[in-house]
Every structure is written in structure tokens, then in C-alpha cells.
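Coordinate-derived values only; no laboratory data. Please read these numbers as outputs of a predicted model, since none were measured by experiment. Here Cβ is always computed from backbone atoms with ideal geometry, including for glycine, and neighbour counts include all displayed protein chains.
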Amino acid sequence: MMATRVLVAVLLLVGFAGPATALDMPLLVSADWLRAQLGAPDLRIVDMQSGVIDYRQGHVPGAVHLGVNDARAAVPAGGYRLPNVEEARQLFARLGIGADTRVVIYDDSNGLDAARLFFTLDSYGHRNVAILDGGAPHWRAGSGAWTPDVPRIEAPPARPLALDTEHVASAEWLRDRLGAPDLRIVDMQSGVIDYRQGHVPGAVHLGVNDARAAVPAGGYRLPNVEEARQLFARLGIGADTRVVIYDDSNGLDAARLFFTLDSYGHRNVAILDGGAPHWRAGSGAWTPDVPRIEAPPARPLALDTEHVASAEWLRDRLGRGDTAVVDARSPAEYTGREVRARRGGHIPGAVNIEWTRHLRPDGTFKSIDELRAMYVAEGVTPDKTVVTYCQTQHRASHSYFVLRLLGYPRVVGYDRSWSEWGNRADLPVETR
């Protein structure tokens with residue numbers, strides 16, 4: 001899939017420790033954690049201070065330096081792309097990263113450069129990677145060991161590398177994979193009538209309300225475990241299924257399903273860039289034939305609570321410097337001029353980044369660099385836990401998706417959103 005993952009870093013945890021990888025390494029590590037691990041033979045520390053001169057003056061013991069431009073490849077027309085397979089192989093060898101290497105990255109740019117390398121490594125399937133919380137400034141402020149000594153790095157044994165499925169699929173990527181047995185395409189056009197008139201070959205239809213559950217008091221919630229099990233079975237999504245979702249609503253409905261699948265730990269999911277309109281404009285195959293879907297073998301499912309916020313959890317984190325709250329609604333809703341609950345306004349401290357700002361006029365996603373700059377300009381940086389909300393977590397799922405695309409270490413969706421917060425008198429509200 002196209003390297004349109006939008007990079008603003010998805011790695012945070014609760015406090016200093018958070019969701020762990022398969023090898024039980026947190027995605028965001030504290031200075032204390034790293035201090036205790038210094039010298040471990042399976043640990044590679046990567047220094048991404050702004051320049052090699054800074055590195056030579058001092059760095060964390062054992063760290064190897066990498067400039068941010070070595071974690072990406074320049075494109076002649078402007079911007080950057082992920083390294084290709086050969087470039088990635090050289091990068092892994094240069095850094096001494098083998099199949100079982102634990103990697104900790106730090107920088108002096110609030111996690112921005114570190115997040116770019118995290119994105120690159122993650123895109124090539126290396127999961128045991130973390131960012132040092134607070135980077136070089138925090139490490140040094142805590143009297144962390146600092147040395148000018150440059151370590152000798154040995155290239156690890158060669159291993160096969162392949163670019164992982166990414167979160168945004170191009171029409172070309174999907175066209176080349178139609179009919180693949182491990183691929184499930186989900187059509188989320190506005191109505192089943194549209195689906196019956198035509199859809200991408202092999203696609204199964206899902207209405208947006210089947211990706212969420214209505215709440216009697218108003219709004220929606222994520223499906224519970226049994227509801228999720230039925231959803232996965234209905235869509236034919238097994239443990240190893242690659243999923244591509246498209247809609248005709250600029251990715252809104254597709255993003256809601258992405259949020260649901262991601263919250264239940266299914267990571268190999270992408271949204272078709274530009275959706276049905278872009279696919280059809282490019283003469284993509286279109287058929288009324290409805291495929292037969294077989295339910296996959298049953299598997300255990302559990303809600304990943306690290307990606308889902310309650311009102312109480314969010315209230316207790318307000319005002320903390322390690323948390324950013326993104327309001328994906330319109331400016332009128334944000335300021336309280338337009339009221340869709342008992343109260344108008346927004347969650348205190350939230351920044352307003354309306355979901356439509358993610359898109360170009362043709363409905364495709366803006367470039368990674370544009371999206372990253374937009375969020376960073378609002379203080380939404382990779383070193384923070386980022387919480388998204390709107391009225392019902394529909395528009396905010398678009399924000400959740402983009403932040404995941406950008407590679408933010410810890411992204412959390414408040415699925416009850418303003419339909420709950422705006423109607424509860426015990427929760428604080430701001431208007432401006």
C-alpha cells in the first residue's frame with residue numbers, strides 16, 4: 001500500500017510504561033528504564049540529535065547516530081518516501097538491528113525525528129521499538145550518563161525484509177491484489193442499494209452503524225467482545241486477513257471501522273485513498289456481484305483498552321503536559337456557537353483540528369509532511385498521549401486514523417465523545 005502513512009507518531013503509554021510489544025517492551029521508555037538496560041547485548045540505542053556534531057560532543061552510552069534524512073528517502077518532485085527494500089536493508093545493517101534487537105530512539109526535537117525512524121522500522125515489520133520519553137534533554141536533566149565515545153557496530157546477519165501493509169492503500173495497490181485469498185475488501189458506501197448497484201470486486205458491504213453500537217442515552221460505543229466476534233465473522237476477517245476499507249464519505253465511515261478493528265487488535269487494516277469516487281474515476285473494476293463470505297476460524301478477541309478512553313480517564317488527565325486532546329468537530333461546535341448537547345463548547349485544553357483538514361480537494365489524503373506539520377503546529381506532538389473526540393467519535397475516528405497513519409505512539413479514541421461529555425453536568429467545559 002502507498003507510503004501515505006501520516007507520521008506524527010503513535011507510541012505512548014500510561015505514564016512511562018504502556019502497551020507492550022510481543023517481547024514485552026514498552027513503546028515509550030523512561031530514563032530509569034533505559035538506565036537499567038544500558039549495555040544489554042540485544043539493545044540498540046539510536047541517537048537522532050539534530051546534527052552529528054551534537055552526537056560527537058556527547059550521547060547516551062552505546063548510541064549510534066542517525067540523521068532524520070537517513071530514515072527516509074527524498075523524492076525529486078518534493079517531500080520524502082519510505083526507503084525501498086534495499087535502502088532499508090542497508091539502514092538496518094548500518095544501525096546493527098537484527099531480527100531480535102530491541103531498539104530505543106531519542107532526539108532533541110520532541111520525538112519528531114525519533115517518530116520518523118519508528119515509522120520506518122515499523123513499516124518493515126520491526127516491532128520491538130521504543131522512543132525515549134523526553135529525549136536527550138530529559139535524559140541529561142536527570143543526570144543520565146553522557147559520553148563522546150563512538151561505539152563499534154557490527155552488521156547483524158542478513159534477513160529478508162518486506163514493506164508492511166500500510167494504512168492507506170492506493171488504487172494501483174488494490175488493483176494489483178484483487179482476488180488475493182488473504183484480502184478482505186469492505187464496502188461502506190452510504191447505503192446497501194449503492195452497494196448492490198456496484199462495488200469493488202470481492203467487497204462485502206457494511207453499514208457504519210454495524211461498526212459501532214448505539215447507546216440509549218445518545219451516541220455510540222465500540223462493540224463489546226461478542227458483538228465484535230460477530231462482526232469479524234460476518235466480514236470474514238481472520239487473524240491473518242489484510243483488510244482494505246472504502247466508502248463514499250471521504251473516509252469517515254471507513255475510519256470508524258478502522259477504529260473498531262484497531263481497538264480489537266487487528267492491525268493489518270488500510271483505507272482506500274479517495275474511496276469509491278477516486279477508484280471509479282480511475283476506471284477501477286466495478287461489479288454488482290455479491291461475494292460469498294465464509295466465517296474464519298474462531299479466535300479470542302479482547303478490547304485493547306490502551307486505545308479507548310472513558311470520560312473519567314480523560315477528566316483525570318486534563319491539564320497534564322503529556323496529554324493532547326484533539327476536537328475533530330467544526331469550529332462552530334468547538335466554540336459553542338453550534339450546540340448539539342445540553343451544553344456547547346469543548347473539553348478544556350482541547351485543540352480544534354477539524355477532520356476535513358486531512359484531505360485534498362479531491363478527497364485523497366494530504367501528504368505525510370503536511371499532516372505532520374498541521375498537528376505539530378497545534379502542539380500535538382508524538383511525545384504525548386493524543387485523545388480524539390467529536391460528537392460521536394465518527395469524525396474523530398478520521399483523526400484517530402490519521403494519527404495512527406503518522407505513527408503517533410499512543411492514540412486514544414473517546415468513543416462516547418461530546419454526546420456524553422456535553423450532557424454531563426459533572427464534567428468541565430470551555431467556550432471561546
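Hey, what angle do you get for helix 112-123 against the long axis of the chain, alpha-carbon based, 0 to 90 degrees rounded to 10? It works out to around 70 degrees.
Summing +1 for each Lys or Arg and -1 for each Asp or Glu among the other residues whose beta-carbon sits under 14 angstrom from that of Leu66 gives -2. The charge dipole of segment 160-277, taken about the Cα centre with unit charges on the Cβ atoms of Lys, Arg (+1) and Asp, Glu (-1), comes to about 280 debye, rounded to the nearest 20. For segment 168-281, the normalised intensity computed at q = 0.11, 0.21 Å⁻¹ comes to -0.32, -1.19 (log10 of I(q)/I(0), Debye sum over alpha carbons, equal scatterers, no solvent). Looking at the chain, the DSSP beta bridges with both ends there are about 20 percent antiparallel. On full extension, the segment bounded by Ala239 and Val150 gains 27.7 nm, given 0.36 nm per residue less the C-alpha separation.
Taken over segment 104-162, the convex hull of the Cα atoms encloses 99 Å³ per residue.
Three principal axis extents of segment 60-124 based on alpha-carbon atoms, in descending order, are 38, 27, 17 Å. Scaling against 2.2 N^0.38 Å puts the C-alpha radius of gyration of segment 305-421 at 0.99. Taken about its Cα centre, the chain carries a charge dipole of about 420 debye when Lys and Arg each add +1 at the Cβ and Asp and Glu each add -1 at the Cβ. For the chain, the alpha carbon convex hull comes to 150 Å³ per residue, rounded to a whole number.
Normalised by the number of residues in segment 196-330, the mean separation of alpha-carbon contacts (under 8 Å, six or more apart) gives a relative contact order of 32 percent. Evaluate the relative contact order of the chain (contact order divided by residue number), counting alpha-carbon pairs under 8 angstrom at least 6 apart; express in whole percent. Averaging sequence separation for qualifying contacts and normalising by length gives 21 percent for the chain. Remark: spin-label model distance Arg320-Ala285 equals 4.9 nm, labels positioned 7 Å along the Cα→Cβ axis. Values of log10 I(q)/I(0) for segment 57-181 across q = 0.17 Å⁻¹ run -0.98, by the Debye formula with one identical scatterer at each alpha carbon and no solvent. Based on DSSP H segments of at least four residues, each scored -39500 (n - 2.57), the chain has a per-residue ellipticity at 222 nm of -8000 deg cm²/dmol. Descending by average beta-carbon neighbour count within 10 Å, the peptides 201-213, 287-299, 168-180, 66-78 line up as 201-213, 168-180, 66-78, 287-299, the highest first.
So for each of 214-220, 250-256 I average, over its residues, the number of other beta carbons within 10 Å; can you give me the resulting order with the highest mean first?
Highest mean packing first, the order is 250-256, 214-220.
Between the Cα long axis of helix 368-377 and the first principal axis of the chain there is an angle of about 80°, rounded to the nearest 10. May I ask for the angle, rounded to the nearest 10°, between helix 252-263 and the longest principal axis of the chain, with both axes built from Cα atoms and the value confined to 0 to 90°? Compared with the principal axis, the helix lies near 60 degrees.
In order along segment 33-38, the Karplus-derived 3J(HN,Hα) couplings, from 6.51 cos²θ - 1.76 cosθ + 1.60 at θ = phi - 60°, round to 4, 5, 4, 6, 9, 3 Hz, and Gly and Pro are given as x. Residue by residue, segment 174-191 carries 3J(HN,Hα) couplings of 5, 4, 6, 10, 4, x, 4, x, 9, 9, 10, 9, 10, 8, 10, 4, 4, x Hz when phi is fed to the Karplus relation 6.51 cos²θ - 1.76 cosθ + 1.60 (θ = phi - 60°); x denotes Gly or Pro.
The stretch between Glu172 and Gln197, if pulled fully straight at 0.36 nm per residue, gains 6.7 nm over its current Cα-Cα span. Here the Karplus relation 6.51 cos²θ - 1.76 cosθ + 1.60, evaluated at θ = phi - 60°, turns the backbone of segment 79-84 into coupling constants of x, 9, 9, 5, x, 6 Hz, with x for every Gly and Pro.
Most tightly packed first, judged by the mean number of other beta-carbon atoms within 10 Å of their residues, the peptides 271-283, 381-393 read 381-393, 271-283.
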